[in-house]
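Any read-out appearing in this document is the output of simple, stated calculations on the displayed coordinates, not a laboratory observation. Here the structure is a predicted model, which is why all the values come from computation and not from measurement. As a convention, Cβ positions derive from the backbone with ideal geometry for all residues, glycine included, and neighbour counts pool all protein chains shown.
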Amino acid sequence: MAVSKFDSDPKPDLLPIASPAEITSTPKEHNWLVRDLWGRSAVGILGGAPKTCKSWLGLDMAVSVSSATSCLGRLRVDCPGMALIYLAEDSPAMVRSRIESICAHRDLDITSLDLKLITAPALRLDLLRDQARLIATIDKLRPCLLLLDPLIRLHRLDENSSSDISGLLGFLRELQRSYDLAVVLVHHTSKKHRANPGMALRGSSDIHAFGDSNLYLTKKDDKLTLTIEHRAAACPDPLALQLVSRPDGSATHLELVSGTTTDDQASTQPPSLENQVINLLAIAASPQYRSQLRSKLRVNNQRLGKALAVLEHKGTIQRTDQGWMLPSQSPLHPKPLQLQLTG
């Protein structure tokens, strides 16, 4: 009589189980790594075609998390901590140069960042040896964000093969669960246009399905749009971005275009009071007192107060002794100059 594997002896240990009520819930304010942009301990894809500033956005997130400063100048970091990054297509010197540019814009000392750069010439996540080295590094440093850029340089698998790519993605998911770690995986999109930008990601559909939070950058007529996708949260409207610099070419960085919607959306609906405040502050030559904002916007004082409170809570604007202003602005800095987009 054949012996079933279910009759094997000795009996294995039971899997750990718990009722829903026994699971510790996460406070709402701790659901985000970067508010509305990336979930805390979320894995996902930062996707886009070449020359759509994917690396710039990934580094902006890493600098923001490691310095507790607002991402893209306006999106608050809720869970700051160490960021660990690996950019396979850029030399360490080039990565430092980009980070220095972002720091210069935010008046940050690069030595104060809680950020580490993996400087290995290659990192192959389909090799057990390199997986073990990455695990050991994360175990020692305990970062809260891991940025890997780009996926194609991290393996020699067939990206169109679900069986091949699922193992690599499973390894990253295991890292996330073992170390309470957010993982941002930069990946290229194909040339085919898709209504859902996630379906334009190159390779197996498992790559799109992998993400808890996904970001997609698209470029049309030199206009850069960021589309945000979450598995367990409402998706905000697409955002218009631009790569800007000071007139002397320094402090290059990504930032949100004035307002929080793309040009196409702005043309089909009137801007909210919050957006009107943002637009006014963006073009103002100096910080604005509440009385100045009320006079220029011709709005009820109570409504304006609520709008200011909402924007301040989100980290979109900040209050100073000289009045209200955007976090990305400084009276000491020249007005940004738009530059040609680079990868």
Next on the checklist: Suppose each label sits 7 Å from its Cα in the direction of the beta carbon; what would the residue 156-residue 205 distance come out to in nanometres?
Outcome noted: 3.1 nm
Checklist outcome for this item: Which of 165, 17, 99 fluctuates most in a GNM of the chain (C-alpha springs under 10 Å)? That residue is 17
Checklist entry - Roughly speaking, what is the stretch gain from residue 298 to residue 68, that is 0.36 nm per residue apart minus the C-alpha to C-alpha distance, in nm to one decimal? => result 79.3 nm
Checklist entry - Hey, got the dipole for the chain? About the Cα centre, +1 on K and R Cβ, -1 on D and E Cβ, debye to the nearest 20? => result 840 debye
Checklist outcome for this item: Pairs over 23 Å Cα to Cα, from 191/220; 220/314; 192/220; 54/223, come to 220/314
Next on the checklist: What distance in nm separates the two pseudo spin-label positions at residue 15 and residue 279, each 7 Å out from Cα along the beta-carbon direction?
Outcome noted: 5.3 nm
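Assuming 1.567 mPa s and 4 °C, estimate D for the stretch 30-240 with Stokes-Einstein, Rh taken as the Kirkwood radius over Cα pairs, in µm²/s. List each step's numbers first, then the result.
Details: Rh = 17.2 Å.
Reported coefficient: 75 µm²/s.
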Next on the checklist: Rounded to whole Å, give me the distance from the Cα center of the stretch 225-261 to that of the stretch 143-209.
Outcome noted: 22 Å
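If r is the Cβ-Cβ distance from residue 130 to residue 191 and R0 is 25 Å, what FRET efficiency results, to the nearest 0.05? Spell out each step's value before the answer.
Values: r = 30 Å, r/R0 = 1.22.
It comes out at approximately 0.25.
Could you order peptides 180-188, 118-126 by the average number of other Cβ atoms within 10 Å of their residues, highest first? Could you put the intermediate results ahead of the total?
Details: 180-188: 22.9, 118-126: 13.8.
Top to bottom by mean Cβ count within 10 Å: 180-188, 118-126.
Only four residue types carry charge here, +1 at the Cβ of Lys and Arg and -1 at the Cβ of Asp and Glu. Report the dipole size of the stretch 42-174 about the Cα centre in Debye, rounded to the nearest 20. Don't skip to the end; give the middle numbers.
Details: 16 positive and 16 negative charges, 22 e Å.
With Lys and Arg at +1 and Asp and Glu at -1, about 100 debye.
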Item to check | Most positive-pole-ward Cα, 188, 37, 315, against dipole of the chain from beta carbon charges | outcome: 315
Item to check | Kyte-Doolittle mean at least 0.5, axial Cα span of 18 Å or more - DSSP H helices of the chain | outcome: 54-67
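Under 8 Å for C-alpha pairs, at least 6 residues apart: give me the relative contact order for the stretch 30-240, rounded to a whole percent. Write out the running numbers ahead of the final one.
Values: 406 pairs, mean separation 60.8, N = 211.
Computed over the stretch 30-240, the figure is 29 percent.
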Item to check | Positive-pole candidate from 143, 297, 75, dipole of the chain, charges at beta carbon | outcome: 297
Checklist entry - Which residue, 304, 14, 128, tops the fluctuation ranking in a GNM of the chain built on C-alpha contacts under 10 Å? => result 14
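Stretched out fully, how many nm does the piece from residue 235 to residue 171 gain, at 0.36 nm a residue minus the Cα gap?
Numbers: separation 64, 0.36 × 64 = 23.04 nm, distance 2.66 nm.
Here the answer is 20.4 nm.
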